[in-house]
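Worksheet: one structure, shown below.
What follows is calculated from the coordinates using simple rules that are stated; it is not laboratory data. Note that the structure is a prediction, hence the values are computed from the model and not measured. Ideal geometry is used to build each Cβ from the backbone, glycine not excepted, and the neighbour counts take in all protein chains shown.
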Amino acid sequence: MLNAKIPAGNLDDKWVDYKGHCKLVNPANKRKMEVIVVGTGLAGASAAASLGELGYKVKAFCFQDSPRRAHSIAAQGGINAAKNYQNDGDSVFRLFYDTIKGGDYRAREANVHRLAEVSANIIDQCVAQGVPFAREYGGLLSNRSFGGTQVQRTFYAAGQTGQQLLIGAYQALERQVALGNVTMYSRHEMLDVVKIDGKAKGIIARNLVSGELERHFGYAVLLCTGGYGNVFYLSTNAMGSNVTAAWKAHKQGAYFANPCFTQIHPTCIPVSGDHQSKLTLMSESLRNDGRIWVPKKQNDTRKANEIPEEERDYYLERRYPAFGNLVPRDVASRAAKERCDAGYGVGTSKQAVYLDYAAAIERYGKTEVGKKGLSNVPHEEIIALGKEVVKEKYGNLFDMYAKITGENPYEVPMRIYPAVHYTMGGLWVDYELQTTVPGLYALGEANFSDHGANRLGASALMQGLADGYFVVPYTIGNNLADEIYNAPIPTSHPAFDEAEKAVAERIQTLKNINGKQSVESFHKRLGKIIWNECGMSRSEAGLKKAIADVQALKKEFWSDVRIPGEINEYNPELDKANRVADFIELGELMCVDALNRNESCGGHFREEYQTPDGEALRDDENFMYVAAWETTGEHQWQLHKEELKYEVIKPSQRNYK
Amino acid sequence: MSHNTMNLKLKVWRQKNANTAGAFKTYEVNDISDEMSFLEMLDVLNEKLIVTGDEPIAFDHDCREGICGMCSLYIDGKPHGPWQANTTCQLHMRAFKDGDTITIEPWRSNAFPIVKDLTVDRGAFDRIIQAGGYVSVNTGNAVDGNSLPIEKDKADAAFAAAMCIGCGACVAACKNSSAMLFLSAKVSHLALLPQGDPERKSRVLNMVAQMDKEGFGSCTNTGACEAACPKEISIANIARLNKEYLRAGLTVE
């Protein structure tokens, strides 16, 4: 059994006690200590900035041309915080409870409670940085609802909340760069962790412009490198998002936890053809006002506007009257798949459902009429007023939809379908966010700890910033306090020689294959295998087939991939090849994990384990654990378990009816 | 949705690196669906180049949903191509028709050196932010978020300026390669908010000094930047920047 080093005491007191008793590093020593931060999204930028402010010498790395581009920027809907500004019954406990329940009782209580505790500080910090959150006319912060909750606790900046939060963290990071506390390495990719005496003491990074390999020493290495959703090829992730840093850590001994816990987001723009390179999310906030439906008749070919009200099936409202369109993501996605598989899908592909704003536009129009004290207003004018309101709330999302599909969502219902969006699994970390390799940490989406088997909307931003601003600045000190006695290690140390040599050899091997197929074509094939067999629903037979298919694909990749260009130059195909090689290995582990977990929970739905009405059927007796995998050889992993103890919440069948 | 396919000729800028001279090269792509995005069309071309043993075209891109600011491309003489308020990654092929010749160039500015082909180095923007594009508040210093009410109109205006994605289209569109729209968006975002007030003077002076140092040109108010901006950042921000600059210059100690 793995030990998560959760502090003793009452759940409410654990974090307070921890902070009160953890070891500290004095300012003079901090100045002498280098820390490496890989990734500059919300977790990485906030960690690098905060550690820089504390006085550590930080080296931050990102593969993009600027730290501001990290994919946190694309988060749309919002960030949760237990502020209870709306007086609607929110509290730290309720946010904690909703997150545990939303995660289908597969998250660690102590971590989630800490997340809920610091959530309010995050909002304060961001406001202080000048993040322009949405406000009410009285000048105070505005909130909205999100899936899986019954309170309004989501703070937002139109449909660009991730952008605004990331720019806040990025600016804090650039301030530390200007002050000399952080050195920024853009267009750099981490290609290995360097371990000395069992501890992470540095990395090998590739300068993506020159192709040179670089050695960097650090007393600790923080991986803030996001999730692995791109293993599916088509996902809402950015094209460059990858698992490489986390996978290299895994190969160096860090356990990978719950890799099969992936989130399929219910509201994305459907696939339009084979050329498709990525999928675009339409924020979950659209489910606040939009109504989801399909025709009651199978294979209905009429246009949406021609289908009368009584012939529409608002299936979420029908199946889940208490939460309606605001059920959690896993539930909403499966319900959409169920309808489409049963022949009720819409659009040319029949793999889509409608998200309709007509009712919301009319309702808002009437409210505006009331506010303005108008009477005898013609219907068209009510609609026009309603459209204005919807435009203010969701304008950028509607524009995005129109650009991609060429349709006007103010006039016709949007067509949506589930797509891969987030990965709850990730590197196993203890309470301090340290992996099983001492000195190696994982923050944000890169770790597994807070979202269990399903993440609630507006909680990813919260977790990334919690880890970076408010958790790791404390927990890292507790470990670095013991490192002050150790002198910095020069990068001429044999461990660096060896690591660099291994990385160089792998690159050379890839380049030398000189086969016939592009990296992209392998990635597409991998994505199809994983999507079909380890996507929205999984089965024993399918997973076994997928494992064999992925193993065969790996063999083919390493004998027939073609990488044009040179090693020592800017070569995006080479960068991609390094990443896809790792995705292939991870894909296999995901299937291994999904096969091992003989239950359904959250985003992990095994066809063999469901209730009579098609809901996920958990098996708490046998699977109330975190599955943490240790790599032991080619295609081989050893399972380690962390038992999940629910001391405060009593797990029950999730019910959103 | 019905869709059509088209055959196109592409004139693409190829350049090995910053130290090598570049040139246009012409390619043909066939059976391009009008449902594809512009970058997916380039993916198709690159796939063809790779399997035929040629070198693919390097271009920056990441989120492919118009928010990260990584994509660039000067398409038929316009940054981000023919559509208004749009990034290259959001441009779709229905903007073109069968038989078109499309010219694709990188951002052109001395302050954005070429990395390879269509990829440029926009590090100058990061350095401008480093010169003062932030509020100096360390983690943990903050008071309750609602202790500082901010007029909705001001908060909305600050947000409109903060929407800048730092792509550099404004620089590429400007005949002088001025970075005034980018800079003014950040100065406005922070000048409109009370949080930005304590550093208002030093911020604008330092950021303008850094912009000049990076080799961007001067602003002559042609408005080309605003027309090309994918996020419709208004040139009213440049007027505010000038006001802030003048105010800081006149009252500096």
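Overview of results
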quantity	calculated
Total lysine pairs under 25 Å (Cα atoms) in segment B:123-251, excluding pairs fewer than 8 apart on one chain	20
Modelled label reach - A:Glu647, point 7 Å along Cα→Cβ, segment A:9-30 residues with backbone N closer than 11 Å	A:9-15
Over chain B - Rg/Rh using Cα atoms and the Kirkwood inverse-distance radius	1.04
Qualifying GluC sites (Glu not before Pro) in segment A:575-609, DSSP loop, other Cβ atoms within 10 Å at most 14	A:Glu607, A:Glu608
HN-Hα J in Hz across segment A:551-557 - Karplus 6.51, -1.76, 1.60, θ = phi - 60°, x for Gly and Pro	4, 5, 4, 4, 4, 5, 4
Cα-based equivalent ellipsoid of segment A:451-583: semi-axis lengths in Å, sorted from largest, via gyration tensor	34, 29, 14
Burial ordering of A:Asp197, B:Asp62, fewest other beta-carbon atoms within 10 Å first	A:Asp197, B:Asp62
Mean Kyte hydropathy of 1.0 or more with a Cα span along the axis of at least 27 Å, helices from DSSP in chain B	none
In degrees, nearest ten, helix A:572-596 long axis to first principal axis of chain A (Cα)	70 degrees
Simple label model, 7 Å out from Cα along Cβ direction - A:Glu212 to A:Met1, nm	5.1 nm
Helix A:42-54 vs. chain A, principal-axis angle (Cα, 0 to 90°, nearest 10)	50 degrees
Computed over chain B: relative contact order in percent, which uses C-alpha pairs under 8 Å that are six or more apart	19 percent
For A:Gly406, net neighbour charge (Lys/Arg +1, Asp/Glu -1) across residues whose Cβ lies under 13 Å away	-2
Segment A:282-310 and segment A:392-455: distance between their alpha carbon centers, rounded to Å	24 Å
Calculated Rg and Dmax of segment A:203-342 using C-alpha coordinates, Å	21.2, 66
For A:Ser235, distant residues with modelled amide H under 5 Å away	A:Leu279
Sorted by Cβ neighbour density within 10 Å, fewest at the top, the residues A:Phe155, A:Phe323	A:Phe323, A:Phe155
Calculated diffusion of segment B:5-116, Stokes-Einstein form, Kirkwood radius summed over Cα pairs, 25 °C and 0.890 mPa s, µm²/s	170 µm²/s
Count of Lys pairs (Cα-Cα under 22 Å; at least 8 positions apart or interchain) in segment A:312-388	4
Check: segment A:265-420 dipole with +1 on Lys, Arg Cβ and -1 on Asp, Glu Cβ, in debye	340 debye
Long-range amide H partners of B:Glu55 with built H, under 5 Å	none
3J(HN,Hα) from dihedral phi, segment A:5-22, Karplus parametrisation 6.51/-1.76/1.60, rounded to Hz, x for glycine, proline	6, 7, x, 6, x, 5, 3, 4, 9, 4, 5, 4, 5, 4, 5, x, 10, 5
Pairwise label distance in nanometres, A:Arg302 with A:Gln551, each label 7 Å out on the Cα-Cβ vector	5.3 nm
Contact order relative to length of segment A:492-625, as percent, for alpha carbon pairs under 8 angstrom and 6 or more apart	28 percent
Estimated 222 nm signal from helices in chain A, with DSSP H stretches of n ≥ 4 weighted -39500 (n - 2.57), rounded to 500	-12000 deg cm²/dmol
Whole-number D in µm² s⁻¹ for segment A:382-433, Kirkwood Cα-pair radius fed into Stokes-Einstein, 10 °C, 1.306 mPa s	112 µm²/s
Sorted largest first, extent of chain A alpha carbons per principal axis (Å)	81, 57, 50
Set of lysines with alpha-carbon distance to A:Lys645 below 28 Å, sequence-local pairs under 8 removed	A:Lys5, A:Lys14, A:Lys19, A:Lys23, A:Lys83, A:Lys101, A:Lys657
Size of electric dipole in chain A: Cβ of Lys, Arg +1 and of Asp, Glu -1, about Cα centre, debye, nearest 20	500 debye
Helical contribution to [θ] at 222 nm, DSSP H n ≥ 4, -39,500 (n - 2.57), averaged over chain B, rounded to 500	-10000 deg cm²/dmol
Surface/4 estimate of mean projected area, convex hull on alpha-carbon atoms of segment A:309-426, nm²	10.0 nm²
Spatially proximal lysines relative to A:Lys524 (Cα-Cα < 21 Å; intrachain offsets below 8 disregarded)	A:Lys278, A:Lys511, A:Lys516, A:Lys544, A:Lys545, A:Lys554, A:Lys555, A:Lys576, B:Lys48
Within-11-Å neighbourhood charge of A:Phe323 [Cβ basis; K, R +1; D, E -1]	+3
Acute angle (nearest 10 degrees) that the helix A:358-372 long axis makes with the longest principal axis of chain A, alpha-carbon atoms	80 degrees
Order of A:Trp15, B:Trp83, A:Trp293 - criterion: other Cβ atoms within 10 Å of each residue's Cβ, fewest first	B:Trp83, A:Trp15, A:Trp293
